[in-house]
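The values are calculated or read from the model by the stated rules, or taken from the named source; none is laboratory data. As the structure is a prediction and not an experimental result, all values here were calculated from the model. Methodologically, a virtual Cβ is constructed for each residue, glycine included, from the backbone with ideal geometry; neighbour enumeration extends over all protein chains shown.
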Amino acid sequence: MTKSIINALIGILVKDNKLNINDFAPVPEWNNPNDPRHSITLKNLLQQTSGLDFIENYQRKSDVTQMLYQSGDMAAFAASRTLKFKPGTHWYYTSGNTNLLSRIIRHTIGENEYHSFPYRKLFSKLGMNSFIMEVDASGTFVGSSYSWGTARDWARFGLLYLNNGYYNNEQILSEEWIKQTITNANSNQHGHYGLHFWLNTEENNNSSTRRFPNVPADMFYAAGFDGQRVFIIPSKKLVVVRLGLARTPKEEFGANEFLKNVINSIDS
């Protein structure tokens, strides 16, 4: 779910005109215009369509386990990967993309304000007072993983998106940013991903193609590795947080039926 926090931090910088997601990603290792990675945009990183050759497999030694458990500078590790696909043409979920975004935030903000930035600009404004984000050995927030908060604080985060970026009399994220966040990445064959949030969209008006067919198609959600979820359902004015452990990372703990019952309880 930390990846969705990175969405918010990038969204704040976009609102403040400090970043444009259609620009090439400002990654020093890719500065050479002849480097094929130079054409990767911030939007590609957010949509998981960077095209980097990065394997996200936690069951064996892979790029993600090397990055998270053996690398002191996780963004530099991700930046060292070669290009496998033309940027924007192939969807593949990787934590490397997110840690690159986290370092981009650092370079954009500057050293003096970077580590307080999430707290000043997001957590304190939402009352997320329990929240902790871990850094790697280089001092960059591990944007892909390792943030901690109570269920109530995650619910506050969900409410920010439910209310189109507006919270406590302040427009923290623009409405346009929320709209972009929940727009499907064109190259995602499964149709279930926006900008660092998962979607419950369907194909050809067929509800059976939705990840959660008994839940409205406008639902989007932050998804943690062990089954933690922040479900946001605008049509029901509903945020549901679940922090329990699923038996496997891909198992949804009966979330489809669970959410259906929650919705029925408030509709009745």
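Identify, from the list PHE225, PHE231, PHE258, the residue that is at negative phi, within 17 Å of the chain's Cα centre (by Cα), among the hydrophobic types (A, V, I, L, M, F, W, C) and surrounded by fewer than 19 Cβ atoms within 10 Å (Cβ to Cβ).
Unique residue meeting the criteria: PHE225.
Run ILE12 past the list (1) more than 19 Å from the chain's Cα centre (by Cα); (2) in contact (Cβ under 8 Å) with a residue 40 or more places away in the chain and report the number of the one that doesn't hold.
Exception for ILE12: condition (1).
Going through segment 98-154 one residue at a time, which ones are of a type in the set (Lys, Arg) and either crowded, with 21+ Cβ neighbours inside 10 Å or closer than 25 Å to ASP23 by Cα (or both)?
Selection gives ARG103, ARG106, LYS121.
Suppose we keep only residues that are assigned to a helix (DSSP H, G or I) and without any contact (Cβ under 8 Å) to a residue 40 or more places away in the chain within segment 68-91. Which one would you say is nearest to TYR146 (Cα to Cα)?
TYR69
Exactly one of these conditions fails for TYR221: (1) part of a strand (DSSP E or B); (2) at pLDDT below 95. Give me its number.
(2)
Collect the residues in segment 18-76 that are among the acidic types (Asp, Glu) and either farther than 22 Å from HIS107 by Cβ or crowded, with 22+ Cβ neighbours inside 10 Å (or both), keeping them in residue-number order.
Selection gives ASP53, GLU56, ASP63.
What number of residues within segment 45-58 are of a type in the set (S, T, N, Q) and more than 14 Å from LYS3 (Cα to Cα)?
Of the residues in segment 45-58, 3 are of a type in the set (S, T, N, Q) and more than 14 Å from LYS3 (Cα to Cα).
Of (1) closer than 20 Å to LEU13 by Cα; (2) at pLDDT 95 or above; (3) part of a loop (DSSP other than H, G, I, E, B), LEU100 satisfies all except one. Which?
Failed condition: (3).
Regarding segment 172-191, can at least one residue be identified that is part of a helix (DSSP H, G or I), modelled with pLDDT of 85 or more and in contact with a Leu (Cβ under 7 Å, 6 or more places away or on another chain)?
Within segment 172-191, the first condition is being part of a helix (DSSP H, G or I), and the residues that meet it are 175-181.
Remaining after also requiring modelled with pLDDT of 85 or more: 175-181.
Filter again for in contact with a Leu (Cβ under 7 Å, 6 or more places away or on another chain), leaving 180-181.
The answer is yes, given that some residue of segment 172-191 is part of a helix (DSSP H, G or I), modelled with pLDDT of 85 or more and in contact with a Leu (Cβ under 7 Å, 6 or more places away or on another chain).
Condition test on GLY143, is it out of contact with any Cys (no Cβ under 7 Å at 6 or more places or on another chain), modelled with pLDDT of 95 or more, of a type in the set (Gly, Ala, Ser) and under 29 Å from ASN184 (Cβ atoms)?
yes
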